[in-house]
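Data first, discussion second: the structure below is written as structure tokens.
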Amino acid sequence: MNFKEIKKLYNLTNKKMSEIFGFKTEVAYRNSSAKKRYEDVVVKLFEEFKKEKK
């Protein structure tokens with residue numbers, strides 16, 4: 001599952017993601033050079049939690 005699918009599954013917006021990761025604004029998150037790394041972490045955590053569930 002990719003990040004866009006996870007966002008859709010859990011109704012996550014850029015605004016919500018910016019709050020989760022501690023950015024002051026949605027724009028700061030959206031323009032962050034680290035955004036891809038944050039998204040990759042979300043996907044990896046999702047996959048790990050999915051494994052634990054089985």
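The values are calculated or read from the model by the stated rules, or taken from the named source; none is laboratory data. Since the model is a prediction, treat every value here as computed from it, not as a measurement. To get the accessible areas, we keep the full protein, side chains included, count just its heavy atoms, and leave off ligands, DNA and RNA. Shrake-Rupley method; radii C 1.70, N 1.55, O 1.52, S 1.80 Å.
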Q) Relative to the first principal axis of the alpha-carbon coordinates of the chain, what is the inclination of helix 35-53, with its axis defined by its Cα atoms, in degrees from 0 to 90 and to the nearest 10? A) 20
**Q.** D (Stokes-Einstein, µm²/s), Kirkwood Cα radius, the chain, 1.567 mPa s at 4 °C
**A.** 111
Q: Give me the accessible area per residue for the chain, probe 1.4 Å, as a whole number in Å².
A: 83
Q. In the chain, carbon and sulfur make up what percent of the accessible area (probe 1.4 Å)?
A. 55
**Q.** Sequence-distant lysines (8 or more away, or on other chains) whose Cα lies within less than 27 Å of residue 24
**A.** 4, 7, 8, 15, 16, 35, 36, 44
